[in-house]
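Report on the structure given below.
Just so it is clear, none of the values below were taken in a lab; they were calculated from the coordinates. Computed from a predicted model, the values in this text were never measured in an experiment. Backbone-built Cβ (ideal geometry, glycine too); neighbour counts: all protein chains shown.
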């Protein structure tokens, strides 16, 4: 089983996109990041690595301070720190399950959210479910560390229905990738 | 100039649709009425004929009692007694003018409305303007003598965009036909 | 661009491949990456409401009457009509599309969805249909689910017959002056007509015979709501007029229309009439009544007002025992709802909704509000009819 | 059905024929039947606001800032982008459609509308575009209106170059890691990049040269809003970051980015920073700032809060003199608007709108609310830019 290395990917990778100095290097990495994102959700993370200390600043956002871990049909559920759209959990789907008749996008945007139960940051992939009209239930727009179009994997306005048979937006899931 | 005969068409014609006894006759007349409607708006009416006494019951509806004749961008403007939709007067059009880029439907539903200034009933053709997205301004749904689908020219739910290049509904006009 | 697209495609394959890897449950792996999946629906259930969104909406949300939760959505494009296969295997959507959304080539068809996967199975092209929202009687299925009748208006009236077993359009029958289709088992269908009659179309292979009842209502003075309820088991339709006159129709080759009775008189009040100025309780809304078939109770959205207020939202829901012709319940209701439906099980749960897109689920036995659902949709409500 | 259709066609001809009959004004004819007509627009005016409907909307309503009245609508299908021809002759809409509304074949093109008749003139096919709502910098026109740059993301970044004079797609340029296009007169275009630089694409016939500025912002820690304002006359762009850092950019082959200054410091407060917990005034919204080009004033939607609240609706509108780096006005505002734009005339009328689809027109000089428009639309606002 491949293990997810949060120092090589995840938050640090995303930070590096903005903080590096070699332009060519950054460009090629950014290109890779765009397409590598869909692979993230499939890599388990070991407890040892996930157990690293809380890495601010996002630990202290207003969202993180009031987030809960009990009800994933509410906007303040901890994984939804950067979600925008209808929660699939309110639409007949689940936290990582698209409602019947819709199709999960193979690519996604991501967020780095704090689980209040252990105080640790996890990387979350927001996969849109596509191919049906907007669900309309439980509309949320949380924006912890959400950025603009030039950093698209951290932007929550884009309709992430690439690679699906229809680009109609139905709802959004919040899949655990691993520790961030 | 052809003169409009309110005894041969208009309200009486519509009443006759429901009140006749010869089934075949009614059927053929109804078929004709459906397609004859668009011709109504083009026939002027003489004052003599329009000056007939107020013919109830519609004279006394709640709408008729509170209708006004000054502002055709309000739902209570007298001609709007059976309109459903956005008023074209609020959308860049006029009482009988479609907003730029939209197209008047050649057929329409009709209403019989009282002008409070003279207390008389007039027949109004509600022509939809078609081919653009819904205007969204000044939504009204007035229902004096509005009926159901089997009397379609008196039903205001149908999208009356027949014979236009697009059936997208934009807004509704209220054209004077003549005395009812 | 080419290079990146290739990488993207590789990534897609990677996703598919890893999906077959078994999850690792070992204690030292806590934050296991999750897999994307797609849920499956149950077959249509008696306690589900199918709620159309507001004007222009493209979906019908399904809510469970017990939990008040959304369980799925059927794609119902703007001004389309939904019908539920009596066997529960399919959803049928009669719809109209243009090749460029609001322009281009018009296409009319019935889309067939698998009721469990909600995947589109096929489309059955038809010659056209009436484009209107808010009516239940433009697209109806025969009791056995094998034939669909799809009303067309262009602006001449006709009915398209569709063979749902063979999934193909059969032929159109002209029907000037009539609309509001009621299935007529073993015969074909019936329809309300502008001359105050009920037309019955006996479909016989490639021909049909159209007969008319005697005139029994005044389509201009006291119209019958187009949204007629039909009871498959009793082969009975229930008609409600603007003033609150209620009639039942025993369907058949020569349907028998009962004498009317007044919903107000059934409640001990004087009957309402067609004269404005008089104040009375009137039915109102787009979908103003719902028939609970097992108990033979008609639930009607009622409001105080004058005549010609037939679309007005409700202040009360009235429960009418059709056999006894007695008003058995009055339930006050908030939000001026314009649509009502009731589940066809013993729970008999009512849903109402209105212009604000919110829905309320009410226990018809107690009048108790069970669920209030924001943004549920403001359009037509459908339920599964008992076969 | 055939017979009736024929009659219908005859009726249409009748309509057209009688339209030529002169109106009779004689005293004895009072209730003359009216003729249907279609209005014509004026060319795009400096005091018009083009307001996109909410999510999923298919139209942009045009409101006159003086009267607050709607004067027309441009068809802008879901998630399309609107651009106004600098010569005022055309509206351009970059859009994406499917052949069956939500399924079928994808088509991307730029629709060209005559600005006076609002009739569709032609469609210019393109290879694709980013489907997203709420951004001004995905579809931009060169100052002379002859070239359009249309951002694509699939999910690799590129820019489609479209010759608007010849009305054809020219070619696509790959631009990984950058978006938010700014036209760069005589050069091509520039774009903000994830590495904190500004990329400049010098388009030279069939080739291009892409250069980068030095890094000047942190795209993850303090992003610059994608909705960058650009001043054609001054050939200057204005950049606003989440914390309220303001920079101007002198466009050119090697754009010059000014040193940033803090909008809060310009108002005598301490600068806001990226640490949560601290409370400060922050910019917020989808379209959080509007540039009044004639006066060099930036109007910004501001709210009190913590960092990472960059989409939050406004409590105040701040007017910032860019040259003096001084806050010159604070206007309290209701309804938590998320979009702002300002007319480019001396009247300098502000429009704001928000989630409730209502718009407010405010006199920027007095802060007075001039018009409140219900259901105006909750999306992006556009104005005519001075040529």
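At a glance:
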read-out: 222 nm mean residue ellipticity, helices alone, for chain D (DSSP H n ≥ 4; -39,500 (n - 2.57); rounded to 500); value: -1500 deg cm²/dmol
read-out: Exposure proxy ranking, count of Cβ atoms within 10 Å, fewest first, for D:110, C:183, D:71; value: D:71, C:183, D:110
read-out: Average other protein chain Cβ within 10 Å of Cβ, residues B:162-174; value: 4
read-out: Pairwise label distance in nanometres, residue C:277 with residue D:121, each label 7 Å out on the Cα-Cβ vector; value: 6.1
read-out: Förster radius 35 Å - calculated FRET efficiency between residue D:324 and residue D:171, Cβ distance, rounded to 0.05; value: 0.20
read-out: nm² value of the averaged projected area, convex hull over the Cα atoms of region D:30-82; value: 5.7
read-out: Chain C: angle of helix C:2-18 to the longest principal axis, Cα-based, in degrees nearest 10; value: 80
read-out: Counting DSSP beta bridges with both ends in region A:53-179, the antiparallel % (nearest 5); value: 90
read-out: For residue C:250, inter-copy label distances in nm, listed shortest first [label point 7 Å out on the Cα-Cβ vector]; value: 9.5
read-out: D from C by rotation - nearest chain C beta carbon to the axis, in Å; value: C:99, 3
read-out: Label-point gap, in nm, between residue C:46 and residue C:316 - each point 7 angstrom along Cα→Cβ; value: 3.0
read-out: Whole-angstrom Cα spans of chain C along principal axes, big to small; value: 76, 51, 37
read-out: Label 7 Å beyond Cα on the Cβ vector: residue D:347 copy-to-copy distances, nm; value: 5.7
read-out: Shielding by partners - mean other protein chain Cβ count within 10 Å, residues of C:132-142; value: 2
read-out: Under the Debye formula (equal points on every Cα, no solvent term), log10 I(q)/I(0) of region C:257-318 at q = 0.19 Å⁻¹; value: -0.74
read-out: Relative exposure of B:65, C:52, D:129, judged by other C-beta atoms within 10 Å (fewest first); value: B:65, D:129, C:52
read-out: Förster-model FRET efficiency, 35 Å R0, residue D:146 and residue D:218, C-beta, rounded to 0.05; value: 0.45
read-out: Separation of the residue B:69 and residue C:356 label points, Cα + 7 Å toward Cβ, nm; value: 3.9
read-out: Gap separating the Cα centres of region D:166-186 and region C:215-259, nearest whole Å; value: 64
read-out: Approximate shape of region A:53-179 as ellipsoid semi-axes (Cα gyration tensor, √5λ), whole Å, largest first; value: 24, 16, 11
read-out: Exam field: residue A:119 pseudo-label spacings to other copies (7 Å along Cα-Cβ), nanometres; value: 8.5
read-out: Order of D:42, B:103 under a 10 Å beta carbon neighbour criterion, fewest first; value: D:42, B:103
read-out: For region D:36-129: rounded, prolate or oblate by the Cα gyration tensor [a/c cutoff 1.5]; value: prolate
read-out: Value in Å of the Kirkwood radius, where region C:217-341 supplies the Cα pairs that are averaged; value: 14.3
read-out: Average beta carbon contacts from partner chains per residue of C:308-319, 10 Å cutoff; value: 3
read-out: Span from the region C:336-387 Cα centroid across to the region D:360-386 one, whole angstrom; value: 40
